[in-house]
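Chemist: What follows is a structure written as structure tokens; I'll ask about it next.
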Amino acid sequence: MDNGERNLQAALGYLHLGMAEDAAEELDLLPPHRAGDLVVLRIRAHIHSELHAWEALRDTAARLTTIAPQDSQHWIWLAYATRRCRTVREAEGILQDALRFHEKEPLIHFNLACYAAVTGRTDLARTRLAEAIRLEPSITAMAVEDPDLTTLW
């Protein structure tokens, strides 16, 4: 295992321990040509999310959706970060685009339900939530706890 791989493994280990800043330091030790690797970008996205670095997460997730649009998590990260550093409506547009690739991803429908609920579109929120639950019944438990959806209850 070369130093780069050791750094990646250390970064993942730190993330699992909840030590996002240490994980970031390990990634910073990688050779510059590795910065755009899919695995490195995914780890960076996790780090940014843990640190609530929304602009950085948004930038990284945007790159990930371009490199690997087939991974729904990339779109979810992009929308989540956009909601926090820009607007709910912009985040909603991102997930609408994501549906082209992930029409059966329950978390996308769930987040669209949340966005509809917080913007006062209760009927749309109910429809989106029903679709999310149809695709993944365990989402019901998440929905009951999510403060974005309190207007539905």
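Chemist: Taking region 137-147, which residues are surrounded by fewer than 16 Cβ atoms within 10 Å (Cβ to Cβ) and outside any helix (DSSP H, G or I)?
Modeler: P137, S138
Chemist: Still on this model: Applying the selection to region 95-133, what residues are part of a helix (DSSP H, G or I), under 21 Å from Q73 (Cβ atoms) and basic (K, R)?
Modeler: Answer for region 95-133, where residues must be part of a helix (DSSP H, G or I), under 21 Å from Q73 (Cβ atoms) and basic (K, R): just R128.
Chemist: Please go through region 11-41 and pick out each residue that is aliphatic (A, V, I, L, M), touching a residue at least 24 places away in the same chain (Cβ under 8 Å) and outside any helix (DSSP H, G or I).
Modeler: Those that are aliphatic (A, V, I, L, M), touching a residue at least 24 places away in the same chain (Cβ under 8 Å) and outside any helix (DSSP H, G or I): L29, L30.
Chemist: Further question: So for region 93-101 (the condition being among the basic types (K, R) and at pLDDT below 95), does at least one residue qualify?
Modeler: yes
Chemist: Further, regarding this structure: Quick one: D71 ticks every box in (1) free of Cβ contacts under 8 Å to residues at least 12 places away in the same chain; (2) touching a His at 6+ places or on another chain (Cβ under 8 Å); (3) not aliphatic (A, V, I, L, M) bar one, so which box is it?
Modeler: (2)
Chemist: Please work out which one of (1) of a type in the set (K, R); (2) assigned to a helix (DSSP H, G or I); (3) at pLDDT below 95 is the condition R44 fails and give its number.
Modeler: Of everything listed in (1) of a type in the set (K, R); (2) assigned to a helix (DSSP H, G or I); (3) at pLDDT below 95, R44 misses just condition (3).
Chemist: For region 88-100, state whether one or more residues are among the hydrophobic types (A, V, I, L, M, F, W, C) and more than 21 Å from D71 (Cβ to Cβ). Quick ask: steps written out before the conclusion?
Modeler: Of region 88-100, the ones among the hydrophobic types (A, V, I, L, M, F, W, C) are 88, 91, 94-95, 98-99.
If we keep only those that are more than 21 Å from D71 (Cβ to Cβ) as well, we get 88.
Within region 88-100, one or more residues are among the hydrophobic types (A, V, I, L, M, F, W, C) and more than 21 Å from D71 (Cβ to Cβ).
Chemist: When region 65-92 is examined, which residues are found to be of a type outside the set (S, T, N, Q) and more than 21 Å from P147 (Cα to Cα)?
Modeler: Scanning region 65-92 gives I67, A68, P69, D71, H74, W75.
The values are calculated or read from the model by the stated rules, or taken from the named source; none is laboratory data. As the structure is a computational prediction, the values presented were derived from the model and not from experiment. Neighbour counts run over all protein chains shown; Cβ positions are idealised from the backbone, glycine included.
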